[in-house]
Amino acid sequence: MGFILAACALTAGSAPPGGQDTATPSLHLLIDAHIEAAWPEHLLTATASSDAEFLRRVSLDLTGIVPTAAEAHRFLESEEADKRRHLIDALLARPEHAWHLARVLDDMLTERRVNTIKSYDVPRDRWLEFLRRAVDANRPWDRLVGDILASDGSDEMTGPAAKFYLSRDVKPALLTRDIGRIFLGIDLQCAQCHDDPRFPDYRQADYQGLFAFVHRMSHFHDADRKANLIAEKAEGDVTFTSVFTGDIDTTDPRLPGGLAIPDPQLKEEERYQVKPESKVQSIPTWSRRLLLSRELPQRETHGFSQNIVNRLWATMLGHGLVAPVDLHHAANPSSHPDLLQALARHFENTNYNIRDFLRELALSKTYQRSSRLPAGPRPTAARFAVAPLRPLSAAQLGWSILQVTERIATNFQTDAPQSPPDDSWRLDIYEPFEPDVQLVVSAFQGLSGQADGPFAPTAGQALFFLNAPRLNQLFSREWSPLVSRLVGTADSTEVASELYLAVLTRPPSADEVVEVCSLLDDVSELSQRSERVRNLVLGLLLSAEFRLNH
Amino acid sequence: MRFSVPQHTVSRRQLLSGTLGALGVSACGQPLLAEELTQRRKKLLLLFQSGGASQYETWDPKPGTHTGGPFQSIPTSVPGVHISELLPHSAEILDQLTVIRSINSGINDHFFGHYAIQAGHNLPGHPVLGSVVAQQLEQSRDILPGYISLRRDGPKAYTDVGDAGFLGAKYEGLRVINAEPPEYLVRPESVSALLMQSRDQIRRRNDERFLQGRRPAPIHAYRDTFDKAFALMTQRDLFNLEQESSRDRERYGEHDFGRHCLLARRLLEAGVSCVKVTHHDWDAHQENFHWHEVRCGEFDRTFATLVRDFSERGLLEDTLIVAMGEMGRTPRINQQGGRDHWGKAWSMAMAGCGIKPCIHGSTNEDGTEVADGEVNHGDLFHTFLTALGIDANENYQLSGQTSPIGDPACAAIAEVLS
């Protein structure tokens, strides 16, 4: 530990934004010190990513889309000092960042769930817009969680946040499990009927204490206003029996590791703001749902800060400090317990600032490692010595494929407004491409209600890549500005350079240039040339190098 | 209750449960055990009566009682055993069937029923039968997906409930609608075979370069799916029912259930581990008796043809044919002449894979309760898997966590397993 502090003192840079004490080293330096302190000697030769690797990776991770060829040119040719730091800040400032992070949060919070009856759920674009606005305003995580848990669907601004409940059919058992998993990093499913037989720290009393917050909730469909609301009762207690021991117990609402919170004593006539009747959303005077929304997102809540920093770490670094991210317990500890604590405390001390945290992660040498293996025995993933190979999400894949056509970039040039007050117009440019992106997303999306697991490509997805007629149309000379300009470029060496920059965000190797030349030299007939160019683009698009974030 | 598990099943699962399995790729590069090659593969054909078939109008009639309705019962090829007059063809082959008359699932909801009956668990997130079988019985040489699900278009909201759960997208049932080949099996017209080949060379060459100095597993996993895809494209004709004789198409029935069952036979013969055929519209809340005449009319002849066919072709020994819905129907006949949802005492039938032909369990005189041999959907799940050579008492071995295959509180029905 002394070594880590000393290393930080020597290399401490300027304090990052967020009101942090200037005497505390920047988080990204702390991260690197912790990670490298655990390494055996031979890993100290682990290499940093090239500019090309870094550009593609950070663009995908912060804006959900690969850069254009023009952006790649600019960044790779720039000799500006600190260009990586400036790139990170530029990407975080773009509206695309909020647009992308909203989808990441949506995936985390709903795992593609939809209410069994679609019309009982919040429409997806309303929910995504709620998240996008929250990210855009850099709403602190604890406040966002509070909004989500408090929402009963009625409020204009936070109504869409009720999607967390509605997408789970407001089923208390499912809510209990997922609140534990998604906000606290623990999966209490097997502790519903007895203490979890596998993990001593997952107790039935913890499950039932959490259950007590949500078991009075139900779905109410207001047919007149076509609204989906959360109704709640003022009574109902939780009594539970262990099917192993036969012991019976009762519990008030209680967060794992926390104290039980009994209901206040209220006279019968005082218990409801709106009494339960048919065709009415019952609203109790004392709401256990609102209690949950106040109590859970606190630094004192066991696992609350650790869970979110671990999940954010996992999205950027490909592997959590606790893995799986929803199964933290004594026999599944963090690979770097001190670092996890440091991250959690930093997050709390910077007011749960997600944007700042992502920035620090991106600035770290740990994040900026190459995906090429160092010499010697291969390090395990938990060493974080090598950048992992991660699949692009379905949305990243869809948007990146459209990006490669260069149709989006062309629209940016032609459709940019004269003097916009801000950058929000950028998101309008993407809208016409949604149907094509959705075509890709439906082929690559994971199952509803399942967190994304390790990379598991399917033959059905390969069939899509090989045979979907639309993919061939998107990369026809008529539709794709990229294909069109490559066809029109006489010098095959130049074609190779532009091709690789556009599709793979890097310059081609000498061999690759030779390959392109052999395919295109002396091919001047238009349709033949178009076919070959399209083939080159699609051949590279279907490669593992495109499919993976590396 | 534990059943002795044949040694080959254990070793096959060990083969497949290594880290490559978790990457969604069958254990390639591992030497195939000789046993795996010569062992005859078990298959499951699940005929799902979506909506809930009435046990009164099928396997457990109660003629002459106040709950029995207008139909009579008929004798079968098993002396002393009668089933509904709506299933005359099935009656002729009852000596080959196992009928369970004593199911108490406690579920009378379509959505929950579709999930729990197929998953064998009440807790959500578990994979359905088809996905389980696909994962447990897969072999590295397989080209076809392990689980294919056939149904007509125009599903109800509950028709597709239940999926591969935590086993992930790889074991998700390939959905075939109206017996049409799945999407993207054919090279688009605008791309010649030569172009396709050249395009693929570019892809493969780039993968070779990208592999240099990088962790190989994800790159191999991705590349292998293209090999599988090309192999799948050569199997397109499997979905062409024109290749079956017109006699067979007539015998199976010129309706979606019949066509799908004929397609199912083709797919199972070609090596698919599980085919599910959904027979729709059993939810007879109104005019129950007319409805069952129609549904049983379709179901009965196709089902009997299937069982006979499989038997004659020597396939019944290794194929488990299961016919059931997500629940039964109420003893009480409502004001529209319908029966409503009923999970307390209902029936199913199955054949093949060493299951003993017999009648298991019974209900009381008017069918309002199970009288004897009560089982639930978890027990049925255990039974199906055991017949297929899978020990449902074991856990899945997946990266991240272990989970029991069958509900630990349930057990296979010993009386029907030989």
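For the range A:66-107, a tally of residues being over 13 Å from the mean Cα position of the chain (by Cα) and either open to solvent by 10 Å² or more (accessible area, probe 1.4 Å) or within 22 Å of A:LEU312 (Cβ to Cβ) (or both) returns 28.
Looking across the range A:447-464, just one residue is open to solvent by less than 60 Å² (accessible area, probe 1.4 Å) and more than 8 Å from chain B (Cβ to nearest Cβ), and that is A:ALA451. When each of A:LEU361, A:LEU402, A:LEU397 is tested for being open to solvent by less than 30 Å² (accessible area, probe 1.4 Å) and within 13 Å of chain B (Cβ to nearest Cβ), the lone residue that passes is A:LEU397. Quick one: in the range A:509-527, which of the residues that are out of contact with any Pro (no Cβ under 9 Å at 6 or more places or on another chain) and within 10 Å of chain B (Cβ to nearest Cβ) is surrounded by the fewest Cβ atoms within 10 Å (Cβ to Cβ)? Going through the qualifying residues, I end up with A:ASP511. Considering the conditions (1) out of contact with any Phe, Trp or Tyr (no Cβ under 9 Å at 6 or more places or on another chain); (2) over 21 Å from B:GLY213 (Cα atoms), A:ASN549 is excluded by exactly one of them, (2). Annotation: of all residues in the range B:74-109 being in a helix (DSSP H, G or I) and either at pLDDT below 95 or charged (D, E, K, R) (or both), the one that is surrounded by the fewest Cβ atoms within 10 Å (Cβ to Cβ) is B:ASP95.
The single condition among (1) more than 25 Å from A:SER393 (Cα to Cα); (2) open to solvent by less than 30 Å² (accessible area, probe 1.4 Å) that B:PRO127 does not satisfy is (1). Applying the criterion of at least 3 residues that are polar (S, T, N, Q) to the helices (runs of 4 or more DSSP H) found wholly in the range A:498-550 leaves A:526-541. Across the range A:107-119, not a single residue is classified as at pLDDT 95 or above, in contact with a strand residue (DSSP E or B) (Cβ under 9 Å, 6 or more places away or on another chain) and within 14 Å of chain B (Cβ to nearest Cβ). Which one is farthest from the other protein chains (Cβ to nearest Cβ), of the residues in the range B:116-167 that are aliphatic (A, V, I, L, M) and in a strand (DSSP E or B)? It comes out as B:LEU150. Scan the range B:211-228 residue by residue and report those that are touching a helix residue (DSSP H, G or I) at 6+ places or on another chain (Cβ under 6 Å), under 28 Å from A:GLY376 (Cβ atoms) and within 7 Å of chain A (Cβ to nearest Cβ). Across the range B:211-228, the qualifying residues are B:ILE219, B:TYR222, B:ARG223. Can we say B:LEU241 is more than 8 Å from chain A (Cβ to nearest Cβ), in contact (Cβ under 8 Å) with a residue 12 or more places away in the chain, within 30 Å of B:ALA387 (Cα to Cα) and open to solvent by 10 Å² or more (accessible area, probe 1.4 Å)? So B:LEU241 passes the test. Just wondering, is there one or more residues in the range A:433-446 that are touching a strand residue (DSSP E or B) at 6+ places or on another chain (Cβ under 9 Å) and either of a type outside the set (Val, Ile, Thr) or within 8 Å of chain B (Cβ to nearest Cβ) (or both)? Within the range A:433-446, one or more residues are touching a strand residue (DSSP E or B) at 6+ places or on another chain (Cβ under 9 Å) and either of a type outside the set (Val, Ile, Thr) or within 8 Å of chain B (Cβ to nearest Cβ) (or both).
For the range A:217-240, the criterion of being closer than 30 Å to A:ASP452 by Cα and either assigned to a helix (DSSP H, G or I) or at pLDDT below 95 (or both) is met by none of the residues. Filtered by the rule that a residue be of a type in the set (A, V, I, L, M, F, W, C) and at the interface with chain A (Cβ under 7 Å from one of its Cβ atoms), the range B:175-202 gives B:LEU185, B:VAL186, B:VAL191, B:LEU195, B:ILE202.
The values are calculated or read from the model by the stated rules, or taken from the named source; none is laboratory data. If you're wondering where the values come from, they're calculated on a predicted model, not measured in any experiment. Cβ atoms come from the backbone with ideal geometry, glycine included; neighbour counts cover every protein chain shown. Note: accessible area is taken over every heavy atom of the protein model, side chains too, but ligands, DNA and RNA are not part of it. Shrake-Rupley method; radii C 1.70, N 1.55, O 1.52, S 1.80 Å.
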